């Protein structure tokens, strides 16, 4: 009797829908989990004939779960304070790789493994763009991201020095020289304390001498690395030199390369050295060299840049997380462990950096919560339970009808 299959299909469909809803509720605390909704459709129809008006007379043969749609709406962003955690705000998926197989996930609950690689909870590598000397090449191929705590940031020899200072206009040739010190760094990252000495030589005229400690240069080498003069007009503004003063420090005792830097006397075309009434003093000293340092901490920026902080006070990009988008996200295959796989239905991924090309942005130190709505799921749970019970009642009713027919047999 064909009627039995109809309530059976209804019970099977409701059972499948209950499984989907139960799975949603089971994953209500799963990071970045996306709610799945079962979609029903009717089955084939049996045509019994037609009416006098020619309209078909049809009987349906039941129902089925024809599709399961994934709700990719944004989950709440929750701060964790863990630097390796990252949440996506907007569209996109992290691309991860395990055993040469690419998968995609919204789950940014990452950690650092023993090789310093950024990995997911199941050990898959997080893919992105590598950095060389602080520069990220987004035109390169994706590779596993590495964050080696303790990696070295090489030293940078001083190339520019700027002194903001005043020389007392009331000084005379008999006034003691004014001195100030500047710390510079050589190619090995060692520091050297240079002494700048200024002596008044007449109205609006000064001489300067830059020296280095004798212990910092090889035996017999001169400790004077620069000499010259400064000239000021009646308003106390520097008139000479008109540009930067190149300074060379050679024969360094530590074996570093010859140190060459510019003493910049102007900033935005305005002199940084003045000669007005007041004490001779240097209000600030700026130089761009630094010693080597080790990576002490890192943070993930909104554009996916992993910015490392080093013990020498420098910051440097050490990689950039990539995001992938799909023409049809509904076509992705759920692969477990919060991962998706691309299919013919989803189309090929478009990979780029966060914040560009339709990709969302990232929030470091945070995770995206599940978007499961408990109230909605409970409502659907009751609805499917009612549907199952109704189909079961239809099945028992049909069974009673069959029993009544059997009882007619003498």
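Laboratory data are not the source of any read-out in this text; all were calculated from the coordinates shown. Values in this document were obtained by computation on a predicted structure and should not be read as measured data. Neighbour counts run over all protein chains shown; Cβ positions are idealised from the backbone, glycine included.
Below, the figures for the structure above:
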| item | result |
| --- | --- |
| Shape category assigned to the chain from the gyration tensor of Cα positions, a/c cut at 1.5 | prolate |
| Taking the chain and dividing mean pair separation by its residue count, relative contact order in percent (alpha carbons under 8 Å, at least six apart) | 23 |
| Contour excess over end-to-end distance, with Cα ends at residue 239 and residue 285 and 0.36 nm allotted per residue | 14.5 nm |
| Ratio Rg/Rh, restricted to segment 160-287 and using Cα atoms, in which Rh is the Kirkwood radius | 0.98 |
| Ordering of 300-308, 51-59, 188-196 by burial proxy (mean other Cβ atoms within 10 Å per residue, highest first) | 300-308, 188-196, 51-59 |
| Distance between modelled label sites at residue 61 and residue 91, nm, 7 Å Cα→Cβ extension | 4.0 |
| Relative contact order computed over segment 24-104 (Cα-Cα under 8 Å; 6+ residues apart), in percent | 24 |
| In nm, spacing of pseudo-spin labels at residue 164 and residue 383 (7 Å Cα→C-beta vector) | 6.6 |
| Contact order relative to length of segment 160-287, as percent, for alpha carbon pairs under 8 angstrom and 6 or more apart | 36 |
| Chain lengthening between residue 218 and residue 302 when straightened (0.36 nm per residue, less Cα-Cα) | 25.3 nm |
| 16 Å cut-off, amide nitrogen to a point 7 angstrom out along residue 151 Cα→Cβ, residues in segment 77-94 | 84 |
| 0 to 90° range, to nearest 10: angle between helix 374-407 axis and the chain longest Cα axis | 20 |
| Approximate spin-label separation residue 132-residue 267, in nm, with each point projected 7 Å along Cα-to-Cβ | 3.5 |
| Counting all C-alpha pairs of segment 1-97, share separated by more than 21 Å (%) | 57 |
| Burial ordering of 249, 353, fewest other beta-carbon atoms within 10 Å first | 353, 249 |
| Segment 347-407 versus segment 163-186: alpha-carbon centroid distance in Å | 78 |
| Helix 5-26 axis, angle to the chain major axis (alpha carbon atoms, nearest 10°) | 20 |
